[in-house]
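Working notes for the structure below.
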Amino acid sequence: MVQWHQLYDVTIIGGGPVGLFAAYYCGMREMNTKIIEFLPHLGGKVSYFYPEKMIHDIGGIPQISGENFIKQLEQQAKTFDPTIILNQQVTELTKQEDGTFVLTSQSGEKHYTRTIILATGFGTLKTVKLDVENANDYEGKSLHYSVDKIDYFRDKHVLISGGGNSAVDWANALEPVARKVTVVHRRDEFGGLECNITAMRNSSISIMTPYTVTALTGEAGQLSSVTVSRLGTSATEEIIVDELLVNHGFDIDLGPIKNWGLEIENGTIKVDRNMKTSIDGIFAAGDVVNYTHKLKLIAGGFAEGPTAVNSAKAYLEPEQDLIALYSTHHHDELLRKHKKLAKA
C-alpha cells in the first residue's frame, strides 16, 4: 500500500518576522504553504531575545514592542491558514527525481514540498558568553544576556558590556527606568544607528571606553561589584552594580543547512536579486541571505520575502506571466478571513 503524503507548494523554514510575512504573501499567491519553526513558538529571535524592545524602523508603525509586533505578524500570517509546525529542526534535505523535496526533521518526521524558502535568520544563534572567571555563578540571576522585562531593572544600577546595536539600544531603553546605566566598551567607537548613539551620549548614561569587564564579585548569584580594566594599561576600577547585561553578540551557525550543497559566503546563503539560491527550487530571505547592497533591516526582509515567494511561484508556473499582486486583489477574501479571525 502506497502511503499518501501531502505535497505543499512551498515550505518556509523559519517562523520569524520574514518567514511570517512570506507565509502571508504565499497565501496572496494562492500557494499551499507550510511553516517549520525550530523554536516552540513563532517570532524567531524577536520573541526569544527582544520581547520588550521597541522597534522603530518599520514604515507606518512609529514604534511597537517586539512582543506585539510578532502577535500582529502571526495574526497576519494565519490569514490564509498555512500549516504551522513548531519545535522541529529540519536536518536533512533530499531532492527527488521529479524535482520535489523531502525535508526530514530531527524527530524523523518528513515534509514534502515543491519549493523551499529559507527564512532561518542567522540559523542557530548562540550568545557569546562573558569570558570571566565564575561568570556562570551569576548567569540568570544578576548576569543577563537578554532582557525579558524592562521593569525588572527599575531603580537598579545596570552595567552593560558591549558596543553594538543591542548594547546601545538597551542602554537607551533602560536609562529612564534604572537608577543608573553604565556602558563599558572595548573601543571608543560604537556600532549601530547614529541617532541612537547620539542619544546615548547625550543622556545620563555613563560611558567607559576603552574598558572591558575582567572580574565579578558577589554572593549567592547576586553581584555586588564589577571590575573593569582599561585596555592598554594596568588601570582597573571597581564599580558597585546591581545587574550586569552582556551584549557581546552571537556565534552564528547555519546548522545542517550548510551541508545541503548551497553556495555559502561569509556564513550566509548567497542569492541573486530574485532571492534564488544555487539550488533550483530553493529560495531564501532575511538575515540568512547575502547579496550586494543588502539592507540589514526587518523592512528589507519584508521586501525579500515576497520576492522569494514570487520567484517560487514563477518556478512552479514558468508558463505564466509574473504579475504584481496587492492586497486589493483579494479584498473580499481578506475581509472575510479577518472577520473569521476576529471571532476566533
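The values are calculated or read from the model by the stated rules, or taken from the named source; none is laboratory data. Keep in mind that what you see is a predicted model, and the values were worked out from it rather than measured. For neighbour counting, all protein chains shown are included, and Cβ atoms are generated from backbone atoms with ideal geometry for every residue, glycine included.
Structural remarks
- Residue in segment 245-255 that is assigned to a loop (DSSP other than H, G, I, E, B) and more than 28 Å from the chain's Cα centre (by Cα) present: no
- Residue match in segment 306-323 (condition: at pLDDT below 90 and surrounded by 10 or more Cβ atoms within 10 Å (Cβ to Cβ)): yes
- Selection from segment 267-279 of residues that are in a loop (DSSP other than H, G, I, E, B), surrounded by fewer than 19 Cβ atoms within 10 Å (Cβ to Cβ) and within 21 Å of the chain's Cα centre (by Cα): 267
- Qualifying residue in segment 85-93 (condition: more than 24 Å from residue 286 (Cβ to Cβ), surrounded by fewer than 16 Cβ atoms within 10 Å (Cβ to Cβ) and modelled with pLDDT of 95 or more): no
- Of residues in segment 63-84 being within 23 Å of residue 107 (Cβ to Cβ) and among the β-branched types (Val, Ile, Thr), the one surrounded by the fewest Cβ atoms within 10 Å (Cβ to Cβ): 83
- Pairs, first on the phi > 0 side of the Ramachandran plot in segment 43-62, second assigned to a loop (DSSP other than H, G, I, E, B), C-beta under 6 Å, six or more apart: 44/16; 44/121
- Which numbered condition residue 218 misses (of (1) without any contact (Cβ under 8 Å) to a residue 40 or more places away in the chain; (2) more than 30 Å from residue 57 (Cβ to Cβ); (3) not hydrophobic (A, V, I, L, M, F, W, C)): (1)
- When the test is whether a residue is of a type in the set (A, V, I, L, M, F, W, C) and at pLDDT below 95, residue 288 passes it.
- Options 282, 264, 298; residue that is assigned by TED's automatic domain parsing to the domain that holds residue 23, out of contact with any Pro (no Cβ under 8 Å at 6 or more places or on another chain) and buried (at least 18 other Cβ atoms within 10 Å of the Cβ): 282
- Residue within segment 35-50 that is under 20 Å from the mean Cα position of the chain (by Cα), among the charged types (D, E, K, R) and surrounded by 14 or more Cβ atoms within 10 Å (Cβ to Cβ) present: yes
- Output for segment 214-230, where each listed residue is surrounded by 12 or more Cβ atoms within 10 Å (Cβ to Cβ) and in a loop (DSSP other than H, G, I, E, B): 221
- Complete set of residues in segment 198-213 that are buried (at least 18 other Cβ atoms within 10 Å of the Cβ), not in a strand (DSSP E or B) and not β-branched (Val, Ile, Thr): 200
- All conditions but one from (1) without any contact (Cβ under 8 Å) to a residue 40 or more places away in the chain; (2) assigned by TED's automatic domain parsing to the domain that holds residue 49 apply to residue 113; the one that does not is (1).
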